[in-house]
Amino acid sequence: METLYQQACDRSSDTLSLDDFLWALTTVRSRSVATYDDNTTSPMNGGLGAALLPIFDLLNHQYWHNATIAYNVQYDRYDIFSSRNVSQGQQVFISYNHDKDNLQMLLDYGFCAVENPNRFVYFDLEEMLLAAQQVLPNIFPNAILDMYKQQQEEAQQGSKQSSTLGTLYTFDACTYRPKPCLTSQLATLQALAERLAEDRPLPGLDQAILKRLLSKRQATLRQCLSNTHQVEETIESEWIPLLASIRTLLKEELGWLSR
């Protein structure tokens, strides 16, 4: 963020305050659509940049939307088409993105969607190592975990799989199964534990670590939900909508994991 702000200041002929920069950044991030070349006719296919489209940015999001957007190459414009019958007075909805889960929706658009069909739960390396230590404290003392963490961080530097939040490991709450990245990390931790145990097999360790991860996350979500009620009493009214979206994020994830 500091780098982006400094680059913007260097390119601006006027004095640019941090507040103005953050306002502009969040406006573009939350209201822009992808631009693309003439061979791509849908912004959902990805693009080359971003554009702000007046009026269009007033349309609300719904996964089960009744309209779509497409770029009209012939007239160099964006067109909106109804995807099913729309009655007079009925609100027109588009889908901002079919594939974004609630965390991504919150980061990109500032809100979360109830009953989002994309149900992913993310864990970072610190959470995974803590869960492994709680399952086998004698095998995973702090010194071992610190060395492992350092090795993993060095291996991940410059990796394209790292997100803006760092490297995250994903659990699919729809199928109630870990995604490949999480499965791989669990298998690596099990292999490490077996080596540290002098090659003694430790069947089911990966599932035990996963179970601990999910249990800990549910407890954390309940605590965070409780904290939001305390925060609501202290913040200014303009932050209430964002807090409500955060609460939706927490409630939805807790519901997925409590099945």
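Hey, which lysines would be in cross-link range of Lys179, C-alpha to C-alpha under 18 Å, not counting anything within fewer than 8 residues on its own chain?
List returned: Lys100, Lys160, Lys211.
Figure the gain on full extension for Lys211 and Phe56 (residue separation times 0.36 nm, minus the Cα-Cα span) and round it to one decimal in nm. Working shown, then result.
Details: separation 155, 0.36 × 155 = 55.80 nm, distance 4.44 nm.
That pair, Lys211 and Phe56, stretches by 51.4 nm at full extension.
Restricting to DSSP H runs of at least four residues, report the calculated mean residue ellipticity at 222 nm for the chain, -39500 (n - 2.57) per run over all residues, nearest 500 deg cm²/dmol.
Details: 8 runs with 121 residues, N = 259.
The helix-only estimate for the chain comes to -15500 deg cm²/dmol at 222 nm.
Take every DSSP beta bridge with both residues inside the chain and express the antiparallel ones as a percent of the total, to the nearest 5. Working shown, then result.
Details: 16 of 18 bridges.
The antiparallel fraction comes to roughly 90 percent.
On a full-extension model of 0.36 nm per residue, what is the gain between Lys251 and Asp19, subtracting their alpha-carbon distance, rounded to one decimal in nm?
Numbers: separation 232, 0.36 × 232 = 83.52 nm, distance 3.09 nm.
Roughly 80.4 nm would be gained on extension.
Once the other residues with Cβ under 12 Å from the Cβ of Ile69 are scored (Lys, Arg +1; Asp, Glu -1), what is the net sum? Could you put the intermediate results ahead of the total?
Working: positive: Arg77; negative: Asp57, Asp79.
Local net charge: -1.
With every atom except the alpha carbons ignored, what do you get for Rg and Dmax of the chain, in angstroms?
For the chain, the Cα-based Rg and Dmax read 22.5, 72 Å.
Lys149: which aspartates and glutamates have alpha carbons under 18 Å from its alpha carbon, excluding same-chain residues fewer than 8 sequence positions away?
Excluding near neighbours in sequence, the set is Asp124, Glu126, Glu127, Glu194, Asp206.
Evaluate E = 1/(1 + (r/R0)^6) for Glu154 and Glu115, where r is the Cβ-Cβ distance and R0 equals 51 Å; express this FRET efficiency to the nearest 0.05. Mind showing how you got there, number by number?
On the way: r = 40 Å, r/R0 = 0.79.
The value I calculate is 0.80.
FYI, it's all coordinate maths here, none of it is from the lab. All values reported here derive from a predicted model rather than from experimental measurement. We place every Cβ from the backbone using ideal geometry, glycine too, and count neighbours over all the protein chains shown.
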